[in-house]
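Comments concern the structure below.
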Amino acid sequence: MATVTLSGIEKRFGSTQVVHGVDLDIADGEFIVLVGPSGCGKSTLLRMIAGLEEISGGELQIDKVRANELPPQSRNISMVFQTYALYPHMSAYKNIAYGPRIRHEPSGEIASKVKRAAGILDLFDYLDRLPRQLSGGQRQRVAMGRAIVREPSVFLFDEPLSNLDAQLRAQMRIEIRSLHQRLGTTVVYVTHDQIEAMTMADRIVVLDHGRVQQAGPPLDLYDRPENLFVAGFLGSPSMNLIGGEVRHGDGTVETADGTCIPAAVGHLAEGRAVTLGVRPEGYKLTGAGDGVETVINLVEPTGADTNVYGRMAGADVSIVFHERHKLKPGDRIYLRSDPDRMHIFDAEGGHRL
């Protein structure tokens, strides 16, 4: 196991800078997830840790040893790719054993390592099969087995589940998290899927345009996003964001269409432009005199919940009801949110107020 420390890490492709001074301390045995939209720099950052991309600036340390100039094979890391990267002409056993074999390890030791990895990943029945004879989930487990036999200090995962269907993704999330709990190895995991990030990470690092927007435990980021980007990115459906101006007379935020929404604005200046944020599950159905009118556009029953999409205070909103209400498009309902559960952001800078 090992610590990983990024200090002012930068990446430039020619004159274009894509990673801007990233600072991140990853503890021994920690499961870190890098998440963000396409092009945010998360895979580039992972490849710099792996040694597959040159670091343009800053310092990378693996277990307190400078690694900027170390070749990939000297970093004691293993990487699992999105595309599995298996040798098609080799059996699952030979794919898993490939790394130790080219390092000329004793055959008995190789067999022991493969047996251990196959046991961890439930692959005993598939070791004689070629990759084309395996399902997507089985191929991904073989790729993970190949990483395990290296006995690395750090596992790197680059969107390993994106080629799987929804059911397999859910199953593999559990398997990867269980693997981490058994091995205790440091993990850096890249995904664009926020469900993966929320359910798997000890800490999430949210990136945008090559900069860290916020880092912390999943529920901390969900409950207290530091800026509008994190607020809008984490959560599905995403947080509702409604612009307006502070009105101290009645303790509300007045939106562009004149709707007044109760909010905890006592510490803010009269007339300040703000953006109110409310999670979809943060609304309660109420009566006309105690809520904000919302016109329903779409109702999606999911079984456990009901997702409702509509129009409130001149903005499109999403609402999640855990109870089952008989609602249909065109209905006018009234919603209330506890002011203490609202998030208030500066409208111009986007930071939390």
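The values are calculated or read from the model by the stated rules, or taken from the named source; none is laboratory data. From a predicted model like this one, the values you see are computed outputs, not experimental measurements. So basically every Cβ, Gly included, is an ideal-geometry build from the backbone, and we count neighbours across all protein chains shown. Note: areas computed on protein heavy atoms with side chains; ligands, DNA, RNA excluded. Shrake-Rupley method; radii C 1.70, N 1.55, O 1.52, S 1.80 Å.
For the stretch 14-20, 3J(HN,Hα) computed residue by residue from phi via the Karplus equation (6.51, -1.76, 1.60; θ = phi - 60°) reads x, 8, 9, 9, 10, 10, 10 Hz, glycine and proline entered as x.
Semi-axes of the equivalent ellipsoid of the chain are 46, 25, 14 Å, computed as sqrt(5λ) over the eigenvalues of the C-alpha gyration tensor in descending order.
Within the chain, DSSP assigns beta bridges of which about 75% are antiparallel (rounded to the nearest 5).
Per-residue ellipticity at 222 nm computed for the chain from its helices equals -7000 deg cm²/dmol, with DSSP H segments shorter than 4 residues left out and the rest contributing -39,500 (n - 2.57). If exposed means no more than 13 neighbouring beta carbons inside 10 Å and the site is in a DSSP loop, what's the longest run of the chain without any exposed GluC sites (Glu not before Pro)? Here the longest segment lacking exposed loop sites spans 70-269.
Surface composition of the stretch 62-128: carbon plus sulfur atoms contribute 54% of the solvent-accessible area (1.4 Å probe, protein chains only, all chains present). Checked against a 30 Å cut-off, the cross-linked pairs LYS11/LYS64; LYS11/LYS113; LYS64/LYS113 give Cα-Cα distances beyond that limit for LYS11/LYS113. A run of the chain free of exposed loop cleavage sites, with trypsin sites (Lys or Arg not before Pro) counted only in DSSP states other than H, G, I, E and B and at most 14 other beta carbons within 10 Å, reaches its longest extent at 104-323.
Ignoring lysines fewer than eight residues from LYS284 along the same chain, the ones with Cα atoms less than 26 angstrom from its Cα are LYS326, LYS328. Solvent-accessible surface of the stretch 169-235, averaged per residue with a 1.4 angstrom probe and all protein chains in place: 40 square angstrom.
Rounded to the nearest 10 degrees, the inclination of helix 92-102 to the longest alpha-carbon principal axis of the chain is 60 degrees.
Note that the stretch 7-156 presents 47 Å² accessible area per residue, ligands and nucleic acids not counted, probe 1.4 Å.
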